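The values are calculated or read from the model by the stated rules, or taken from the named source; none is laboratory data. Everything quoted here is computed from the prediction, not taken from an experiment. Here the Cβ positions follow ideal geometry from the backbone for every residue, glycine too, while neighbour counts run over all protein chains shown.
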Amino acid sequence: MALNVVAAGSEAIIKQRAKDLSNQNNVRQGVPPTQPPPTAPKPATTAPSTLTPQQALAKLQTDLAAIKVNSTVTPAQKQQLARDFTLVSQGPRKPSPAAANKLAEDLSGALAQKPLTEGTRSRLVQNLNAALNPGTVSASQMQEIFSDVQAIFQVSGLARKDAVAIADSVKAVASELQKPAAN
């Protein structure tokens, strides 16, 4: 039986090699290949909703890192952050566009003013993940998350009022997601 599996695998390899050789010969003679070469890059067809939770968090981390200090944050960057918040939120409810946009505005403005180290940015993303997925987080843990978000930005040198505004935006999104669904 193992011999049949090996033979079937070999047969497929031989057929593919024959097709490749035929295509190479056709190209040499000026005939276009019947199929694209196997090394041709495939277009990105991954829809945002098909990201795993880990991919969504990695995307959020990357998009936060893309905001450089002393630069102008583009509307596209802010919109992308707002979309990232929706992707990271895994529960039945998603943040409202208004709440996600407010959080994106506050975060992008702060990151354009003061840099965060990679480790601090990672901690911020963990806090955002917990706030965007509040189902298993106790009220006291959630309060610690809001305090930590504020502390992250204050320690980075951001004005206290701006750090409080960011923590309040995170709190608004989390409380919105904790509300029972309206019937």
Next on the checklist: Can you tell me which residue is surrounded by the most Cβ atoms within 10 Å (Cβ to Cβ) among those in segment 139-164 that are acidic (D, E) and free of Cβ contacts under 8 Å to residues at least 40 places away in the same chain?
Outcome noted: D148
Next on the checklist: For segment 65-183, give me every one of the helices (runs of 4 or more DSSP H) that falls completely inside it and has 3 or more residues that are under 17 Å from the mean Cα position of the chain (by Cα) and among the aliphatic types (A, V, I, L, M).
Outcome noted: 75-88, 97-113, 118-132
Item to check | Count - residues of segment 80-123 that are of a type in the set (V, I, T) and closer than 21 Å to P53 by Cβ | outcome: 2
Checklist entry - Is it the case that segment 165-179 has a residue that's more than 15 Å from A99 (Cα to Cα) and surrounded by fewer than 18 Cβ atoms within 10 Å (Cβ to Cβ)? => result no
Item to check | Only one of L132, L128 that is modelled with pLDDT under 95, under 19 Å from A66 (Cα atoms) and not β-branched (V, I, T) | outcome: L128
Checklist entry - Is at least one residue of segment 43-53 within 30 Å of L158 (Cα to Cα) and either modelled with pLDDT of 60 or more or in contact with an Asp or Glu (Cβ under 8 Å, 6 or more places away or on another chain) (or both)? => result yes
Item to check | Selection from segment 100-111 of residues that are out of contact with any Leu (no Cβ under 9 Å at 6 or more places or on another chain) and under 14 Å from K171 (Cβ atoms) | outcome: K102, D106
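Find the residue count for segment 95-125, including only residues that are free of Cβ contacts under 8 Å to residues at least 12 places away in the same chain and either surrounded by 16 or more Cβ atoms within 10 Å (Cβ to Cβ) or of a type outside the set (G, A, S) (or both). Spell out the reasoning first.
Within segment 95-125, the first condition is being free of Cβ contacts under 8 Å to residues at least 12 places away in the same chain, and the residues that meet it are 98, 117, 119.
From what is left, the residues that are either surrounded by 16 or more Cβ atoms within 10 Å (Cβ to Cβ) or of a type outside the set (G, A, S) (or both) are 117.
Residues flagged as free of Cβ contacts under 8 Å to residues at least 12 places away in the same chain and either surrounded by 16 or more Cβ atoms within 10 Å (Cβ to Cβ) or of a type outside the set (G, A, S) (or both) within segment 95-125 amount to 1.
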Next on the checklist: Checking T136 against (1) farther than 30 Å from T50 by Cβ; (2) loosely packed, with under 13 Cβ neighbours inside 10 Å; (3) not aromatic (F, W, Y): exactly one of these is not met. Which one?
Outcome noted: (1)
